[in-house]
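Notes follow the structure.
The values are calculated or read from the model by the stated rules, or taken from the named source; none is laboratory data. What you see is a predicted model, and the numbers here were worked out from it, not measured in a lab. Glycine gets a Cβ as well: all are built from the backbone with ideal geometry, and neighbour counts include every protein chain shown.
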Amino acid sequence: MTVLDDIIAGVREDLEQRRRRVPIDAVREAAAAAPPALDPMPRFRDPRLAVIAEVKRRSPSKGDLAAIPDPASLAAAYAAGGAAAISVLTEARRFGGSLADLDAVRAAVDVPVLRKDFMVDDYQFLEARAHGADLVLLIVAALTDDELAHFGRLTAELGMTALVETHTADEVDRALALGFDLIGVNNRNLKNLDVDLATFGPLASRLGDSVVRVAESGILSADDVAIVAAQGADAVLVGEALVRHGDPVAAIADFMSAAERVHA
Ligand SMILES: O=P(O)(O)OC[C@@H](O)[C@@H](O)c1c[nH]c2ccccc12
């Protein structure tokens, strides 16, 4: 059993509890009643580096990162700093997140919000939309091609955008074959949690520049941003470095100017 399998087993148990509390029809109605999802793609496609800033309290690899007593004010700082989107970890057992965090962030900002979780069931997509998410994460390593295609369609039907996460050449090929156009390369291997920033470059070349390429995980400094920007990153997804930074507004500005220097 890999770490990923283990996490997903817990996610499914928590999901079944919520399904008993809130029947799927009620979630579907709430999703239909929510204000329409925002489209993050225009900003992701503009030449300036897009920073996707993450609200993350802890992780299975790093333990506690930050208490984040007020996710709304952290998210507001991210938005003020120029984040193109905000990622909210909603997984509870390993990451200390919740749908309440998603609600708080959604209410606090006007930029697109990503529900970051291990999405394995239709119920979670309706729930994401009901709680105001504009984007959801699809992890290729966790899903079959049929599931990816199905969840990709469901995401689009709900007006949301899928960020499709890859970690190997085979996963990149699967994501491209299914026609996804917002594709992340996770520098962290979710099967053993090892991080290697050198994962991004070769997979970014394989993705090509017709898709929006997101470098995810292990980006700790402006120098790291410069490295992945030079390798074709249109966006970076950063958690740890921002939740631990005393001044996330300055940190985001720093990341964006590091990428500008690369492209100048
Ligand atoms: O904190 P970091 O190293 O900056 O990483 C952020 C983000 O990439 C990471 O949280 C992440 C990437 N893919 C995931 C899938 C599930 C949970 C978490 C993740």
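Among the residues of the range 133-151 satisfying the criterion of being assigned to a loop (DSSP other than H, G, I, E, B) and crowded, with 18+ Cβ neighbours inside 10 Å, which is nearest to the ligand (Cβ to nearest atom)? So the residue we want is Leu143.
Here Arg19 meets the list (1) within 27 Å of Gly218 (Cβ to Cβ); (2) more than 12 Å from the ligand (Cβ to nearest atom); (3) at pLDDT 95 or above almost entirely, failing just condition (1).
Of all the criteria given as (1) crowded, with 22+ Cβ neighbours inside 10 Å; (2) more than 11 Å from the ligand (Cβ to nearest atom); (3) not hydrophobic (A, V, I, L, M, F, W, C), the one not satisfied by Glu165 is (2). The condition of being surrounded by fewer than 21 Cβ atoms within 10 Å (Cβ to Cβ), at pLDDT 95 or above and away from the ligand (no atom under 13 Å from the Cβ) holds for Leu154.
Of the numbered criteria (1) in a loop (DSSP other than H, G, I, E, B); (2) in contact (Cβ under 8 Å) with a residue 40 or more places away in the chain; (3) farther than 16 Å from Ala34 by Cα, the one Met119 fails is (2). Filtering Ala37, Ala31 for residues that are in contact (Cβ under 8 Å) with a residue 24 or more places away in the chain, surrounded by 12 or more Cβ atoms within 10 Å (Cβ to Cβ) and in contact with a Pro (Cβ under 9 Å, 6 or more places away or on another chain) leaves a single hit, Ala37. Among the residues that make up the range 120-136, is at least one of them within 17 Å of Val212 (Cα to Cα) and hydrophobic (A, V, I, L, M, F, W, C)? Yes, the range 120-136 has at least one match.
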